[in-house]
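Only one structure is covered here, and it is reproduced in the block below.
Just so it is clear, none of the values below were taken in a lab; they were calculated from the coordinates. The shown structure was predicted, so the numbers you read here are calculated from the model rather than taken from an experiment. Every residue, glycine among them, receives a Cβ derived from its backbone with ideal geometry; neighbour counts consider all protein chains shown.
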Ligand SMILES: Cc1cc2nc3c(=O)[nH]c(=O)nc-3n(C[C@H](O)[C@H](O)[C@H](O)COP(=O)(O)O)c2cc1C
């Protein structure tokens with residue numbers, strides 16, 4: 001393995017020490033198809049105006065859809081949604097199969113279950129190396145106040161019982 005590959009792996013491992021929540025981010029592509037993917041790069045940016053960000057890999061199949069999106073919805077997953085995280089990161093034909101959802105802002109799919117959801121207008125894109133950073137202006141949000149799904153060191157974790165099997 002090249003030195004760079006080892007460094008990249010070590011860099012990922014070091015980044016993984018930072019615990020995050022897990023989100024599913026949804027939008028529509030140019031043809032109106034429902035698009036969704038799992039992301040843990042979500043973070044808050046500004047309270048007034050209400051701004052959030054996340055980053056999408058340029059290699060991701062959903063990249064064009066998100067880069068061209070006018071709106072997207074960020075669902076913070078709850079502790080019981082490990083399988084939803086897996087489904088939206090998988091290669092399955094239809095990531096929305098058996099997932100209850102409605103049409104939200106601009107027609108984007110909004111999942112029925114979550115801990116919190118932020119519906120956004122795409123405010124601005126920034127280049128971020130092999131990712132693009134999407135800044136979203138929050139136009140609606142909801143908070144079910146359910147315990148969150150947590151991701152740490154490449155595994156899902158429970159806030160009370162760190163490290164449960166992926
Ligand atoms: C917990 C978790 C967090 C992830 N976070 C991100 C992220 O922030 N940005 C990203 O581009 N991909 C992220 N991914 C990977 C994407 O979900 C996955 O690569 C993508 O859905 C695969 O899509 P594709 O097969 O359509 O390219 C994450 C995956 C998991 C399981």
Problem - Answer residue from the range 59-69, given it is part of a loop (DSSP other than H, G, I, E, B) and within 14 Å of residue 33 (Cα to Cα) and is nearest to the chain's Cα centre (by Cα) among those - result: 62
Completion exercise
Selection from the range 67-79 of residues touching a residue at least 40 places away in the same chain (Cβ under 8 Å) and either more than 12 Å from the ligand (Cβ to nearest atom) or within 11 Å of residue 148 (Cα to Cα) (or both) yields 69, 70, 71, 72, 73, 75, 76, 77, 78, 79
Completion exercise
Subset of the range 48-58, residues more than 13 Å from residue 118 (Cα to Cα) and part of a loop (DSSP other than H, G, I, E, B), comes to 48, 49, 58
Completion exercise
Those residues of the range 1-41 that are part of a helix (DSSP H, G or I) and surrounded by 12 or more Cβ atoms within 10 Å (Cβ to Cβ) come to a total of 1
Handout entry: the range 35-66, residues that are more than 10 Å from the ligand (Cβ to nearest atom), over 24 Å from residue 12 (Cα atoms) and touching a strand residue (DSSP E or B) at 6+ places or on another chain (Cβ under 9 Å)
Key = 46, 49, 50, 51
Practice task
Go through the range 4-55 residue by residue and tally those that are more than 17 Å from the chain's Cα centre (by Cα) and closer than 13 Å to residue 138 by Cα.
Solution key: 5
Exercise for the section: Please verify whether the range 100-110 includes one or more residues that are closer than 21 Å to residue 132 by Cα and within 13 Å of the ligand (Cβ to nearest atom). Expected result: no
